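Step one of this worksheet: look at the structure below.
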Amino acid sequence: MDKTFNPGAIEQTCYTDWEQNGYFKPSGQGEPYCILLPPPNVTGSLHMGHAFQHTIMDTLTRYHRMKGDNTLWQCGTDHAGIATQMVVERQLDAQGKSRHDLGREAFLEKVWEWKAESGGTISQQMRRLGTSTDWDREVFTMDENLSKAVTKVFVELHKEGLIYRGKRLVNWDPVLHTAVSDLEVVNEEEAGHMWHMRYPLADGSGELVVATTRPETMLGDTAVAVHPDDQRYASMVGKEIKLPLTGRLIPIIADDYVDQEFGTGCVKITPAHDFNDYDMGKRHDLPMINILTDDAKLNDDVPEAYRGMDRFDARKQIVADLEAQGVLVKIEPHSLKVPRGDRSGTVIEPYLTDQWYVAVESLAKPAIEAVESGEIRFVPENWNKTYYQWMHNIQDWCISRQLWWGHRIPAWYDDAGNIYVGEDEAAVRRENGLDDAVALKQDEDVLDTWFSSALWPFATMGWPEKTPELETFVPSSVLVTGFDIIFFWVARMIMMTKKFTGKIPFKDIYITGLIRDEQGDKMSKSKGNVLDPIDLIDGISLDALLEKRTGGMMQPQKAEKIAKRTRKQFPEGIASYGTDALRFTFAAMASTSRDINFDMGRVEGYRNFCNKIWNASRFVLMNTETEDTGANASASERELSVADRWIWARFYQTVTDFEQAIAQYRFDIAAQALYEFTWNQFCDWYLELTKPVLNSEHSSDAQKRGTRHTLVNVLEQLMRLLHPVMPFITESIWQRVAPLTAVGAGETASVMTQAFPQMPAEGVDQDALADIEWFKKVIVGIRNIRGEMDISPNKPLSVMLRNATAEDEQRFDTLSLYVTRMAKLEDVKVLAQDETAPPSASAIVGEMEVLIPMAGLIDKDAELARISKAMEKIEKDVARTQGKLSNENFVSKAPEAVIEKEKQKLAEASQQLAKLQEQYKSIEAI
RNA sequence: GCGUCUAUAGCUCAGUUGGUUAGAGCGCUACCUUGACAUGGUAGAGGUCCCCUGUUCGAGUCAGGGUAGACGCACCA
């Protein structure tokens, strides 16, 4: 074994073996346990968020598999309609072509080609992370089976009237030329203006002043509204306005939507280009004049001068023209929320088009109940409030997209404009009695990507066929995902799965935090603070990292700043930390907070932890591989020391702690338990405790055999315990250590197929625990004096024990070998009751004092200072405790156990204080 | 406007139903190349638990109010 842990050397081969041996498949035995992978975008590559969530899912999966559950981690990728289409369109654009030059069929061929080339990136990267998904069941949302499910769901919902087609105002992305759902629009505050303009009454009797942030929409105005109670305008309601620039006559109407206080109290109404105006238009039966084209240019329904103008150019022109006509009253700066497409970034237009919708209200009800009843549980729990808030105000879902890449809507039109919905054209003809003479044309549009994602829990299990998987793995056990897609995905899965299977899709929803950079900023290409998980695993040079972060930037002017920051943070590039260290970092950082600031220091620390495990294993193997480990010896041939019994007790306590933490999705606590045991117990104490036994001529064969047996077996079990979080290093070590135990190697070739460690029925050895805790106190006490008194660790010491109880003596007796070796003592003397001791520094363990004679070793003043410091601490404590106990209220009201504890504490502290005072006096007297 | 979250050591974070002296990692200081490991060991320093008021025998923890910050939803033309 190498002296330092080298992750690169072990990771790749492990994974291939696991995958080839089919270890990722469900066993078919035991309780079902299932996790659905949120299908990553097929165009994507693995980012920190994926790596984090995948670590959590893999840890759960590996753990449950080892617990003997019938475990399935269902994986797959999403076709990601808009995102994928954009990628391919951008490539075409580079060649000076558009998708329209190719035509639908040829374009789709290109997309499939591209998917075949680059679609595997993320799956390969997932393998690097060690994810144990069942790759044989990998699904793509555009696979034939999934597409069949999508069509069936569409047809059935349509049959029930829950999918309908309608002409309505939608969010229109003029760059992508498609409708998008409310969720795909982000509203950000931006600086703008408010234009006030004069609208003259048609009869010349006066005028109204209206204010708008979008003056170009005035060309589509079909009314001006005032509040019905507004006295200022009461007489004008019912009259008409002559709309400037167009000369159209539009009515003045009254509607209590209008806020009298805001602006002039008059609102121009443009029903075809504003959601509120649209509703008002419906209420008042106003005409709806669409003034835009698909590109958000002005169309032919506006005065000739403006036709074909871009919306923003038109705005300028209209403002100029209004001003020229003296109609413009004033312009004020005004900040407003601007809706932008989350993909294109362009300003979204409310636009009147024909689209397909899902009527969600009836679907939402059972989905809300599933969470209210506790059948589905959010972790952390407060996310259910977010869920309720959205679900109670849910709007119909616009599911059609004017794209080419996606599931084509299964609707056909005849020449008369009749709509037929069915599985395919043949079915439509059959069901509607349409012969070939009737020309049918399929709807050009595709479905929102999230429509197919919503079916993920059951479509991946073979629905609509009645498969065993559907029976076994619906509902799945837990969904691990981010809060950003609760509405996009989680809510819709609940609705659709309830609707089509009658079951919930998952029992728990574990909402993870969002990984941010070390300063708490979101990682983004434009900020240049993105970390690639693969770079943390393999390492990357500074040059390569700079190229990654600044190459191909949308805003090249930022490159310099990013380069500077990158150079400063990673002057040497990034070291290779390995997958296990990265995974452990994610687990350790997975607390309940909603944002996680990624700290490189943690990765480094956990890389060191891997190294610690590696070297502890080296130690174990060096001491056992060529020796008798008693694998098949009878118990009588193996004598277990107190330390041996103790480490088993601590090990099983750790197993319990780990399992409790995992059950509550507290991966940080679980990781902490693993770290603490491995480093602070197993390495710091146990391995040190084996050295006196293994290296002593006085140890019997049975003793040595017992200790070696414990070393290899605890290590073997520890590898199992660590495996769910750190799959690679544990496999690598387990392969070496298992043959030294009764587990052996051979058939059982992998740690991942071993049973998870289980606490023995008889519990843990409490005596061993108490003995070693006593022992630690003695050692630490002596080390403390050495440290503070500057006594070289190499200097052998003589110590005396004063005031030792029978138990102390008994313990010292059994542990004397350990004490003398680990504290480096040359001589220990137990003082009799009346025996006097020379001036000494002392450590207090319970009632016993461990004395180190000062002669020639310890400076009088230094020791006095040390004692005063200790006394000060204890005095404070005594005072506080006395205060409490002399408080009548405390004594009468606090629970008995608490009072008892305080009393005990006081007694112990007082006793210690007395001893320290005595010490102080005796040293002072020298 | 409605809703959610966060504030604890220099940094990143734990702290279960209120109950010993508030913990960990990193960083820092001193010492130690002891034969698993310097990606290490031993010892140590470091905290006004954001502020105020309250409940309580007792508050980092509960309630109310404030300050600072993050986020979601809906929005006034």
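The values are calculated or read from the model by the stated rules, or taken from the named source; none is laboratory data. In this text, all values refer to a predicted model and were calculated from it rather than measured experimentally. All Cβ positions, even for glycine, are placed from backbone atoms using ideal geometry, and neighbour counts span all protein chains on display. Just so you know, the surface numbers come from the protein's heavy atoms only, side chains and all, with ligands and any DNA or RNA stripped out. Shrake-Rupley method; radii C 1.70, N 1.55, O 1.52, S 1.80 Å.
On the given criteria, is residue A:753 open to solvent by less than 10 Å² (accessible area, probe 1.4 Å) and hydroxyl-bearing (Ser, Thr, Tyr)?
No.
Quick check: is even one residue across region A:142-156 surrounded by fewer than 17 Cβ atoms within 10 Å (Cβ to Cβ) and within 30 Å of residue A:581 (Cβ to Cβ)?
Checked against the condition, which is being surrounded by fewer than 17 Cβ atoms within 10 Å (Cβ to Cβ) and within 30 Å of residue A:581 (Cβ to Cβ), region A:142-156 yields no hits at all.
Against the condition out of contact with any His (no Cβ under 7 Å at 6 or more places or on another chain), outside any helix (DSSP H, G or I) and hydrophobic (A, V, I, L, M, F, W, C), how does residue A:10 come out, does it pass?
no
State all residues of region A:417-441 that are among the aliphatic types (A, V, I, L, M) and either open to solvent by 70 Å² or more (accessible area, probe 1.4 Å) or farther than 22 Å from residue A:354 by Cβ (or both); if no residue qualifies, say none.
A:419, A:426, A:427, A:437, listed by residue number.
Kindly indicate which of A:809, A:788, A:762 is touching a Lys or Arg at 6+ places or on another chain (Cβ under 6 Å), at negative phi and either among the aromatic types (Phe, Trp, Tyr) or open to solvent by 70 Å² or more (accessible area, probe 1.4 Å) (or both).
From the options A:809, A:788, A:762, the qualifying one is A:788.
Does region A:617-640 hold any residues that are more than 8 Å from RNA strand B (Cβ to nearest atom) and open to solvent by 50 Å² or more (accessible area, probe 1.4 Å), and which are they?
Within region A:617-640, A:625, A:626, A:627, A:628, A:632, A:634, A:635, A:636, A:637, A:638, A:639, A:640 meet the criteria.
Of all residues in region A:25-48, which are within 29 Å of residue A:113 (Cα to Cα) and not small (Gly, Ala, Ser)?
Of everything in region A:25-48, those that are within 29 Å of residue A:113 (Cα to Cα) and not small (Gly, Ala, Ser) turn out to be A:36, A:37, A:38, A:39, A:40, A:41, A:42, A:43, A:46, A:47, A:48.
What's the total number of residues in region A:300-326 that are part of a loop (DSSP other than H, G, I, E, B) and not β-branched (Val, Ile, Thr)?
Matching residues across region A:300-326 total 8.
Looking at (1) at pLDDT 90 or above; (2) within 13 Å of RNA strand B (Cβ to nearest atom), can you tell me which one residue A:158 breaks?
Of (1) at pLDDT 90 or above; (2) within 13 Å of RNA strand B (Cβ to nearest atom), only one is false for residue A:158: (2).
Exactly one of these conditions fails for residue A:329: (1) among the hydrophobic types (A, V, I, L, M, F, W, C); (2) in contact with a Phe, Trp or Tyr (Cβ under 9 Å, 6 or more places away or on another chain); (3) in a loop (DSSP other than H, G, I, E, B). Give me its number.
Of everything listed in (1) among the hydrophobic types (A, V, I, L, M, F, W, C); (2) in contact with a Phe, Trp or Tyr (Cβ under 9 Å, 6 or more places away or on another chain); (3) in a loop (DSSP other than H, G, I, E, B), residue A:329 misses just condition (3).
In region A:336-369, which residues are more than 15 Å from RNA strand B (Cβ to nearest atom), open to solvent by 10 Å² or more (accessible area, probe 1.4 Å), part of a strand (DSSP E or B) and in contact with a helix residue (DSSP H, G or I) (Cβ under 7 Å, 6 or more places away or on another chain)?
If the condition is that a residue be more than 15 Å from RNA strand B (Cβ to nearest atom), open to solvent by 10 Å² or more (accessible area, probe 1.4 Å), part of a strand (DSSP E or B) and in contact with a helix residue (DSSP H, G or I) (Cβ under 7 Å, 6 or more places away or on another chain), then no residue fits.
Quick one: what pairs do we get from region A:514-534, first residue on the phi > 0 side of the Ramachandran plot, second among the polar types (S, T, N, Q), C-beta under 6 Å, 6+ apart or different chains?
A:520/A:597
Would you pick out the residues in region A:780-791 that are more than 6 Å from RNA strand B (Cβ to nearest atom), farther than 17 Å from residue A:830 by Cβ and in a helix (DSSP H, G or I)?
A:785, A:786
Can you name every residue in region A:555-607 that is among the charged types (D, E, K, R), under 30 Å from residue A:15 (Cα atoms) and touching a residue at least 24 places away in the same chain (Cβ under 8 Å)?
Hits for region A:555-607 are A:572, A:580, A:583, A:599, A:604, A:607.
Do we find that residue A:884 is within 47 Å of the chain's Cα centre (by Cα), within 14 Å of RNA strand B (Cβ to nearest atom), open to solvent by 50 Å² or more (accessible area, probe 1.4 Å) and under 26 Å from residue A:925 (Cβ atoms) in this structure?
In short, no.
Cβ contacts < 6 Å: first residue modelled with pLDDT of 90 or more, restricted to region A:764-788; second residue near RNA strand B (Cβ under 10 Å from one of its atoms), any location; separation 6+ or different chain. Result?
Close Cβ pairs satisfying both conditions: A:779/A:822.
So, in region A:241-261, of the ones that are outside any loop (DSSP other than H, G, I, E, B) and hydrophobic (A, V, I, L, M, F, W, C), which residue ends up most open to solvent (accessible area, probe 1.4 Å)?
So, considering only residues that are outside any loop (DSSP other than H, G, I, E, B) and hydrophobic (A, V, I, L, M, F, W, C), the one most open to solvent (accessible area, probe 1.4 Å) is A:249.
Report yes if some residue within region A:568-582 is touching an Asp or Glu at 6+ places or on another chain (Cβ under 7 Å), within 6 Å of RNA strand B (Cβ to nearest atom) and open to solvent by 20 Å² or more (accessible area, probe 1.4 Å); otherwise report no.
no
Quick one: in region A:466-482, which of the residues that are among the charged types (D, E, K, R) and in a helix (DSSP H, G or I) is farthest from RNA strand B (Cβ to nearest atom)?
In this case the residue turns out to be A:471.
Just for region A:589-616: of the residues that are of a type in the set (Gly, Ala, Ser) and near RNA strand B (Cβ under 8 Å from one of its atoms), which one is surrounded by the most Cβ atoms within 10 Å (Cβ to Cβ)?
The extreme case among them is A:616.
Any residue that is under 24 Å from residue A:763 (Cβ atoms) and near RNA strand B (Cβ under 8 Å from one of its atoms) - is there at least one of those in region A:660-667?
yes
Looking only at region A:441-455, decide whether some residue is of a type in the set (Lys, Arg) and in contact with a Ser or Thr (Cβ under 9 Å, 6 or more places away or on another chain).
no
If we keep just the residues of region A:860-881 that are among the acidic types (Asp, Glu) and open to solvent by 90 Å² or more (accessible area, probe 1.4 Å), which is farthest from RNA strand B (Cβ to nearest atom)?
A:861
Could you give every pair whose Cβ atoms fall below 7 Å, whose first residue belongs to region A:320-334 and is under 16 Å from residue A:192 (Cβ atoms), and whose second residue is small (Gly, Ala, Ser), counting only separations of at least 6 or pairs across chains?
What qualifies is A:333/A:191; A:334/A:192.
Within region A:227-241, does at least one residue satisfy the condition of being within 24 Å of residue A:322 (Cβ to Cβ), within 15 Å of RNA strand B (Cβ to nearest atom) and at pLDDT 90 or above?
yes
Where the second residue is hydroxyl-bearing (Ser, Thr, Tyr) and modelled with pLDDT of 90 or more and the first is assigned to a loop (DSSP other than H, G, I, E, B) and open to solvent by 10 Å² or more (accessible area, probe 1.4 Å) and lies in region A:262-282, which pairs have Cβ atoms under 9 Å and are six or more apart or on separate chains?
Sorted first by the residue in region A:262-282, then by its partner, the pairs are A:274/A:217.
Looking at this structure, is residue A:485 among the hydrophobic types (A, V, I, L, M, F, W, C), within 14 Å of RNA strand B (Cβ to nearest atom) and touching a residue at least 12 places away in the same chain (Cβ under 8 Å)?
Considered against the rule, which asks whether it is among the hydrophobic types (A, V, I, L, M, F, W, C), within 14 Å of RNA strand B (Cβ to nearest atom) and touching a residue at least 12 places away in the same chain (Cβ under 8 Å), residue A:485 comes out as yes.
Whether any residue in region A:702-713 is open to solvent by 40 Å² or more (accessible area, probe 1.4 Å), over 12 Å from residue A:624 (Cα atoms) and more than 15 Å from RNA strand B (Cβ to nearest atom) is what I want to check.
yes
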